[in-house]
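Encoded as structure tokens, the structure appears first; notes follow it.
The values are calculated or read from the model by the stated rules, or taken from the named source; none is laboratory data. In this text the structure is predicted, and so the values were computed from the model without any measurement. Virtual Cβ from ideal backbone geometry, glycine too; neighbours counted across all protein chains shown.
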Amino acid sequence: MLKLLLFTLLSITAFDSALLAKSKDQGHAILLQYHRFGESRYPSTDISMDLFKKQMEYLYNNHYNVVPLSQVVEALIHKKPLPPKTVVITIDDAYKTVYTKAYLILKKYNFPAIIFVNSMPIIHQSKRYMTWNEMREMGKSGLAEFANHTYSHEYLVRIDADKPEQYEKDVRKEILKCEKKLQKELGEYLCSNPKMLAYPFGEFDVRLMKILKKLGYVGIAQNSGPVSQRSNLLALTRFPMSGNFGKMKSFILKLHTVPLAVTSTSTEDTIVTKENNPPLFSLKLERKYKDLQCFTSNGKKIDMKWLSDTEVQMQSKVVLKYPRDHYTCTAWAARGKWYWFSHMWVVLKEVE
């Protein structure tokens, strides 16, 4: 998929430039997601320090506007325009190498980051995680803000799935127990207006979003795409940077994405069961996008059917694999940019 996107960058026309210039885009931001730094034993969640240094150097040398997530969320809530080239650095789990390795690079470039903390391993003083004092030091420097990643990093969509009343109690406990501890330990460095929560494993569904809304949280997901005024504040998208996702060509490509102008989708839910796998999904668009293509997470093209010039229906050719997948749609835009949209799927059970 990446090779196809990079190849098409060479084919931009004056017509596309005119379309982008006339768009109603009021600015957008790219959220980058990290976990571990220089921990090659964990390839699915790690980025090498050499690559992380190159990414941060690229942002600095190319004059990207690296800001706290709270600043972007405030702009989205109050419908304020975002400056060009706005980027947010997000880090999940508060592993030790955030402090011992990444923090040194962030200080070098004066780049702020948000760290989503699951509090249980820190309470238990796990050596693999930061300490409260280390977090407070980062907060005091002005380069870190902190937010909720639940108490035990549980699969929130899957617990008590068939017990609705118990489900909400358990989800609330996971969130509120963590929030209470973060407030006590991190105080002024904790995002509180509004509160924010990153979904463990990036898994969420309509039920979970409703609980978050009741509790007054903004929800942070893991499926890819830029965020803008059109974004769902209960499922803000991020570009993962771990493993192969953070290679420089891919990193630069993602920095050059702009939101696909989606006016509505056939569903906001993410749940896939044996009965609806592969899921049927459709998008309504503000306008027609030529050469729109959609893919699953492994880069396989999805079958698409245009219902009108601005409505497209899609369905994977094969069943989606447990535990997660997504449908990602892209179209080339002007000046080396890509329109981008992604919908998360949570596959409840393996297909026999």
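What to note about this one:
- Just one of the numbered conditions (1) crowded, with 21+ Cβ neighbours inside 10 Å; (2) out of contact with any Lys or Arg (no Cβ under 6 Å at 6 or more places or on another chain) is not true of N61: (1).
- Wholly enclosed strands (runs of 3 or more DSSP E) of the stretch 234-352 bearing at least 3 residues over 30 Å from L212 (Cα atoms) and not assigned by TED's automatic domain parsing to the domain that holds V206: 303-308
- Per-region count, the stretch 170-226, residues in a helix (DSSP H, G or I), more than 29 Å from L253 (Cβ to Cβ) and of a type in the set (F, W, Y): 1
- So L197, is it assigned by TED's automatic domain parsing to the domain that holds L32 and under 27 Å from T270 (Cα atoms): yes
- Hits in the stretch 64-83 (condition: farther than 21 Å from Y339 by Cβ, surrounded by fewer than 17 Cβ atoms within 10 Å (Cβ to Cβ) and either in contact (Cβ under 8 Å) with a residue 24 or more places away in the chain or among the basic types (K, R) (or both)): I77, K79, K80
- Residue that is surrounded by the most Cβ atoms within 10 Å (Cβ to Cβ) [pool: residues in the stretch 39-58 that are outside any helix (DSSP H, G or I) and among the polar types (S, T, N, Q)]: T45
- The residues on offer are K173, K180, K184, and the sole one that is touching a residue at least 12 places away in the same chain (Cβ under 8 Å) and of a type outside the set (S, T, Y) is K173.
- Hey, S342 at pLDDT 95 or above, buried (at least 20 other Cβ atoms within 10 Å of the Cβ) and small (G, A, S) or not: yes
Residue by residue, here is whether (1) of a type in the set (A, V, I, L, M); (2) in contact with a helix residue (DSSP H, G or I) (Cβ under 6 Å, 6 or more places away or on another chain) holds:
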{"position": "T131", "(1), (2)": "no, no"}
{"position": "S141", "(1), (2)": "no, no"}
{"position": "A144", "(1), (2)": "yes, yes"}
{"position": "Y151", "(1), (2)": "no, yes"}
{"position": "L156", "(1), (2)": "yes, yes"}
{"position": "D162", "(1), (2)": "no, no"}
{"position": "Q166", "(1), (2)": "no, no"}
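- Residue selected from the stretch 139-163 under the condition free of Cβ contacts under 8 Å to residues at least 40 places away in the same chain and either outside any loop (DSSP other than H, G, I, E, B) or at positive phi (or both), by the criterion surrounded by the fewest Cβ atoms within 10 Å (Cβ to Cβ): G142
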